[in-house]
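A.B. asks: I am attaching a structure below and will ask some questions about it afterwards.
The values are calculated or read from the model by the stated rules, or taken from the named source; none is laboratory data. Keep in mind that this is a model prediction, so the values were computed, not measured. Heads up, the Cβs are rebuilt from the backbone with ideal geometry, glycines too, and the neighbour counts pull from every protein chain shown. Heavy atoms of the whole protein, side chains included, go into the accessibility calculation; ligands, DNA and RNA do not. Shrake-Rupley method; radii C 1.70, N 1.55, O 1.52, S 1.80 Å.
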Amino acid sequence: MISAQTIKTSIEELGAITKVELCVMDLSGEVVAATSERIFLDVSIVISFANSPVDSQVIGDVHLFKVLDDGEPAYVLLAKGDSEHAYMVGKIGVSQLQNLVVAYKERFDRNNFFQNLLLDNMLLIDVYNRARKLKIEVAVPRVIILVETKNTQDSTAQELLSSMYGQHSGDYVTAVDENSVILIKNMTRGQSYDDVNRIATTIVDMMNTEAMLNVRVSYGTIVEELKDLSKSFKEAKMALEVGKIFYAEKRVNAYNTLGIGRLIYQLPESLCKIFIDEIFGGKEVPDDLDEETLNTISKFFENNLNVSETSRQLFVHRNTLVYRIEKLEKSSGLDVRNFDDALTFKIALMVISYMKYLEGRK
């Protein structure tokens, strides 16, 4: 149904131009919107008209019109003023409101369609039938871009995203929960994941600068068929979760770049515990190490196990860095200067982060 504010804006503009007083009431006689505070007619008269078979009626200097939705009354429009002039303005108002009803229904239907499609709540035959009725192209490359906001009550993110990517371009913005907004982005045949990443980065920047929102963005794979959008949506959701666990410093995460994080995310907790116990046994595990050592190792990994470059970036002597690495080797049994041990240690850090995430969900 159309919002009261939209109806109010519509009749106020028409009233200001034509100098005719207008009022829109629902079928129970409640005022939805009006251009003045004056009562046009008794409520019982309006209800009686709403239940009558006629579409328009004149009582004194007030014209009554029914605003129809699929042939059924939805509202009653009252126009007060000079007889012929008020009648003409009333008919224009009815036409305008009925067009709004159709537009809002189409918008609701599209929103409902995409929500059910993303959540796998539709049969394949229904997907194609409803897409045809809603004039949605089936064989167009699309990708799901998921925007997570921290404020569940704020609609700013959805409004801003809708203004950036409107339906006129074939894109669509919707939501299936209170925590995130979904952009269904149409792609051209020549566009790649680099283009998707640029779009996702632009969204993060715009949300930050325009609405002061600190958002996380993820996206799934590009799909060629409408029916596969739910797959891209699931991938975007996984990318968002995996990104928060393993790549917290990144504001944009893509499903196809999750790497080993995606593999660990799908492991059962029991297997993760076995892995940590087998690698470290009774020795000190990475989670128990001091922050200085963890930061040193993290920087060491960033520099591809290059001792000289790591010591330069940390502003420490090479021997100091070697001492820290050897100290880690004594406590954990792993020499991170060795590729195999470095890989084991890196995976262990990620597994521990995942176990913390699972613990936090309990």
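A.B. asks: Among the numbered criteria (1) open to solvent by less than 60 Å² (accessible area, probe 1.4 Å); (2) in a helix (DSSP H, G or I); (3) in contact (Cβ under 8 Å) with a residue 60 or more places away in the chain, which one does THR293 miss?
C.D. replies: With (1) open to solvent by less than 60 Å² (accessible area, probe 1.4 Å); (2) in a helix (DSSP H, G or I); (3) in contact (Cβ under 8 Å) with a residue 60 or more places away in the chain applied to THR293, the lone miss is (3).
A.B. asks: Looking at VAL204, VAL173, which one is within 22 Å of LEU118 (Cα to Cα) and either modelled with pLDDT of 90 or more or assigned to a strand (DSSP E or B) (or both)?
C.D. replies: VAL173
A.B. asks: Checking VAL102 against (1) more than 28 Å from ARG189 (Cα to Cα); (2) among the hydrophobic types (A, V, I, L, M, F, W, C); (3) crowded, with 16+ Cβ neighbours inside 10 Å, only one condition comes out false. Which one?
C.D. replies: (3)
A.B. asks: Going through the stretch 1-14 one residue at a time, which ones are free of Cβ contacts under 8 Å to residues at least 40 places away in the same chain and in a helix (DSSP H, G or I)?
C.D. replies: Matches in the stretch 1-14: ALA4, GLN5, LYS8, THR9, GLU12, GLU13.
A.B. asks: Could you grab me the full set of residues in the stretch 1-17 that are aliphatic (A, V, I, L, M) and more than 14 Å from ALA79 (Cα to Cα)?
C.D. replies: Matches in the stretch 1-17: MET1, ILE2, ALA4, ILE7.
A.B. asks: In this structure, does SER230 turn out to be among the hydroxyl-bearing types (Ser, Thr, Tyr) and open to solvent by 20 Å² or more (accessible area, probe 1.4 Å)?
C.D. replies: No.
Here is a yes/no grid of residues against (1) within 44 Å of the chain's Cα centre (by Cα); (2) crowded, with 17+ Cβ neighbours inside 10 Å:
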site: ILE39; (1), (2): yes, no
site: ILE47; (1), (2): yes, no
site: ILE59; (1), (2): no, no
site: LEU64; (1), (2): yes, yes
site: LEU68; (1), (2): yes, no
site: GLY71; (1), (2): yes, no
site: ALA79; (1), (2): yes, yes
site: VAL89; (1), (2): yes, yes
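A.B. asks: Tell me which residues, restricted to the stretch 297-316, are at positive phi and touching a residue at least 24 places away in the same chain (Cβ under 8 Å).
C.D. replies: LEU305
A.B. asks: Now, a different point. For the stretch 233-285, give me the residue count where each residue is closer than 22 Å to LEU119 by Cβ, open to solvent by 20 Å² or more (accessible area, probe 1.4 Å) and free of Cβ contacts under 8 Å to residues at least 24 places away in the same chain.
C.D. replies: 2
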